[in-house]
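Quick notes on the structure that follows.
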């Protein structure tokens, strides 16, 4: 709660100071607020764990900053610090955009901490509406405009579906709060009933969430929107939106569906997850544009992340957290380097050519993040995949097999990027500021630290 | 006893310092730092040894768990009993002398600091090998010394032949290592542990099938074959002479190659249970000893002669092990470490003086120019020949006596092999140091005695080679200090306090026979090389059996034709047909399928919003429909 407030205040301050001050200063200010918010997370309001659901939990508070909420908000705030720090000056100048990013982050944090469908909906909208604007923030760029319109149309559609789901759920259980919904779900599950209102309601809410994480068959927007949006917005969508949506998705299961019906909905989710993994990886294979490729990679990663929802909540939480740490740092690195090398306008693989010769350090970091995304041991990506796959193995063996096939396919396109960067000759060059080096160093530390000592990193969650 | 850890950490630290900072330090410094690191280990080992003299209980220390899985635990643990302590003294003591020697020997080499880094790394690994308290530690050290041996044989890697020799040593060792590894797997499977304490417990062994114990012993011995250069895995050792001479002295004579002996002595409880394994060890040892001695007769490279001599002497040690004379083997290991290190360093001194010349046909008459080298080399030769009262005399005679107890025919063969040793060593000695100088004028002009850093280690080793026999005198000579080493080692090896003895008369007989054989050999060599001043013929002039021996019985060629070529042909076939055509084809077809699917999918993703919404609606209908129908 404290960190949420700090971010909100920070967003307003940035918005207003930006009128006079140049963008650079407002970014510094924003990052200062975010760091403060990050530091406040451990002191944030304690709550019960979502997997120890109890009666006292819900009706009074509509948000609860329990351990999973705090852990995921930490990742989100850290991710936003990366994005603001590394992508300054890539978009149109203007502190209003930075304010929007921070408002969007507030929505993301609400999505990690809701205990009530209303809060969840508000979180999703607070997250999405600034993004519609951000996607179109390059006003003179036709593709940016197209992306904004597409995103807005599809988003509106999914919001409508989500709201319809909420309405149905209200109709069936007379409440939006986790308490009454969980009760209802348990009642339905124990009596082996299938009341249409409740079932359709849950289905529609899940579909709304699936849209946000870009799961099959609701993922079609993401390659087009990623490609057209300005780089900073794209990486924000790829990192913050995805992790926030997964956190909300994850929270929805133990909190509202509960153990009684976990298997029923788990089966559907497993199918979605399998299709998402296949579609994401296969789609990525033939892409030439790096941003589209990363969009498909993000779809595939969403598929893996969905596996974390299927497994027992506590294990799933740990696995998802570890995975998201690796996902955030690797994606931030790739997008940063892509942003730098594509400054000349070339947005295909070829943009990376010659990086290995001209900037050994940058090429090394790029390779490391690719290895992590592909899930090669000693990187965070491997630790996350290992935790997810090994926990899902006993109950969802076919899903794990498909996920492994997907990972094998993914090596094909991830390694292609670093083949271009290292083996091919070209002009790619990266000029880094000190801040960039520090932030990249932090991201690399996270990839390697989580990859080498996952047990130790999980220990952090105990505090 | 934290000393245990310091003993292994000191050379490791030396390795780190000379390896990382050596480039930036003044040249001599690295050598002294490295030597100091080994000296620290030696001093600590010596104090440990002193402690063990009064109290034979092994000192054990566990540090952390390597592998923990269910009930199966392997720890990083050190354990020092009297056997280990003795090995440690040999490794660090001789290691130190050779380090000091190398400071002068390698002084003009570009890779000076690298050389000392590798030497220190070797000492570290060797100590792990002997000090570890379980088979995994042993294996760790085993592979580590193998790596260092590879690095040092190929130290002058610009020379392609040397690089190939290093590779050969590595590959041959890997074959042996495979046997050792399988043996260790069997041990882990049968005993559920790799700790020496648990595996080498006679009470436990009773429960294991005899066939399994034999299998384990044979596999462990295959590992020993590789490391200690026994038939058929010995061919790497002569080639390993490509490395700098101090390396040959340290690794390929005194320490690493004795790891196989140490392994068998350490696991002798297992070998005690299996007659077949012991006979196998005995026969292999005997064949190796005779074959290598025969080859040694006709070699003209001074280091090659010494290398074959080492193979032959190692064969002797295995003969002792096969006859269950573990103390005799350790005794010979010790004296051999003294005199063989001495001989190698002596040959190094000669090579150094002649600016890299190794062919004895181009030496001769060095007696006058290099008196210290000559005298020490002479003492070393007498020691290895088993000249009465020199160290080799006692250690070899003890082995011969043990073999005699075992089987008279084998004994006769061993005596023959000892005679051969005498011939080829005296041949080298005389051709090198007597007669007239046969090298170039320029070499003659430069001929000089080596500096003190080289001659001092020679003198120390010479003293040890002469008096080393005191360690384990036979009772025939003196009752009060007899069997010193036997008494020392018996608690570690669980042996009887007083060894079983032959009657004094038959002991005397044996000694007389050996001495007569040696005298014959002396006479033959004197007649041929001093009286007639024969110089070994050039390669072209050789014929008959001599040529076969000079060409090492064509063993390398036989290996090539019988193993390497068939394997290469099969490999070629599987590469072209199986791998390229079928397996690659299959794998590529997966890639093609994935690509084709990607193309197909690309048609769905056409950028048209209406289509996207259509897919979404289809998805919604499917999911909601499925849930309602259910």
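The values are calculated or read from the model by the stated rules, or taken from the named source; none is laboratory data. Since the model is a prediction, treat every value here as computed from it, not as a measurement. No Cβ is skipped: glycine too gets one built from the backbone with ideal geometry, and neighbour counts run over all protein chains shown.
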Taking the criterion of being surrounded by fewer than 22 Cβ atoms within 10 Å (Cβ to Cβ), out of contact with any strand residue (DSSP E or B) (no Cβ under 6 Å at 6 or more places or on another chain) and over 22 Å from residue A:321 (Cα atoms), would at least one residue in the stretch A:367-383 satisfy it? yes
Within the stretch B:518-529, residues surrounded by fewer than 17 Cβ atoms within 10 Å (Cβ to Cβ) and closer than 24 Å to residue B:328 by Cα come out as B:519
The stretch A:197-245: number of residues that are farther than 19 Å from residue B:617 by Cβ and free of Cβ contacts under 8 Å to residues at least 40 places away in the same chain: 2
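From the list A:151, A:170, pick out the single residue that is buried (at least 17 other Cβ atoms within 10 Å of the Cβ), more than 14 Å from chain B (Cβ to nearest Cβ) and at negative phi.
Numbers: A:151 fails: more than 14 Å from chain B (Cβ to nearest Cβ).
Every option except A:170 fails the conditions.
Would you mind stating whether residue B:244 is within 30 Å of residue B:349 (Cβ to Cβ) and out of contact with any helix residue (DSSP H, G or I) (no Cβ under 6 Å at 6 or more places or on another chain)? Steps first, answer last, please.
Numbers: within 30 Å of residue B:349 (Cβ to Cβ): yes; out of contact with any helix residue (DSSP H, G or I) (no Cβ under 6 Å at 6 or more places or on another chain): yes.
Judged against the criteria, residue B:244 is a match.
Please report, ordered by residue number, the helices (runs of 4 or more DSSP H) entirely within the stretch B:540-630 with at least 3 residues that are surrounded by fewer than 15 Cβ atoms within 10 Å (Cβ to Cβ) and at the interface with chain A (Cβ under 10 Å from one of its Cβ atoms).
Details: elements: B:544-550, B:555-559, B:565-573, B:584-604, B:609-629.
Passing ranges, in order: B:584-604, B:609-629.
This table checks each residue for (1) touching a residue at least 40 places away in the same chain (Cβ under 8 Å); (2) outside the structural domain of residue B:452 (by TED's automatic domain parsing).
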{"position": "B:112", "(1), (2)": "yes, yes"}
{"position": "B:116", "(1), (2)": "yes, yes"}
{"position": "B:138", "(1), (2)": "yes, no"}
{"position": "B:145", "(1), (2)": "yes, no"}
{"position": "B:151", "(1), (2)": "no, no"}
{"position": "B:160", "(1), (2)": "no, no"}
{"position": "B:167", "(1), (2)": "no, no"}
{"position": "B:172", "(1), (2)": "yes, no"}
{"position": "B:179", "(1), (2)": "yes, no"}
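State whether one or more residues within the stretch B:215-226 are outside the structural domain of residue B:57 (by TED's automatic domain parsing), touching a helix residue (DSSP H, G or I) at 6+ places or on another chain (Cβ under 9 Å) and over 23 Å from residue B:178 (Cβ atoms). Working first, answer last.
In the first step, residues of the stretch B:215-226 are kept if they are outside the structural domain of residue B:57 (by TED's automatic domain parsing); the result is B:215-226.
Then drop every residue that is not touching a helix residue (DSSP H, G or I) at 6+ places or on another chain (Cβ under 9 Å), which leaves B:215-226.
Going one step further and asking which of them are over 23 Å from residue B:178 (Cβ atoms), we end up with none.
No: zero hits.
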When the residues of the stretch A:392-403 are narrowed to those that are part of a helix (DSSP H, G or I) and loosely packed, with under 14 Cβ neighbours inside 10 Å, which ends up nearest to the other protein chains (Cβ to nearest Cβ)? A:401
Can you tell me which of (1) more than 18 Å from the chain's Cα centre (by Cα); (2) within 14 Å of chain B (Cβ to nearest Cβ) is the one residue A:259 doesn't meet? (2)
Scan of the stretch A:96-118 for residues that are modelled with pLDDT of 90 or more and out of contact with any helix residue (DSSP H, G or I) (no Cβ under 6 Å at 6 or more places or on another chain), ordered by number: A:101, A:118
Among residues of the stretch A:195-230 being within 9 Å of chain B (Cβ to nearest Cβ), part of a helix (DSSP H, G or I) and within 29 Å of residue A:138 (Cα to Cα), the residue farthest from the chain's Cα centre (by Cα) is A:224
Only one of A:427, A:420 is at pLDDT below 90, away from chain B (no Cβ under 14 Å) and part of a helix (DSSP H, G or I); which? A:420
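Which residue out of B:378, B:429, B:410 is farther than 20 Å from residue B:249 by Cα and surrounded by fewer than 24 Cβ atoms within 10 Å (Cβ to Cβ)?
Details: B:378 fails: farther than 20 Å from residue B:249 by Cα; B:429 fails: farther than 20 Å from residue B:249 by Cα.
From the options B:378, B:429, B:410, the qualifying one is B:410.
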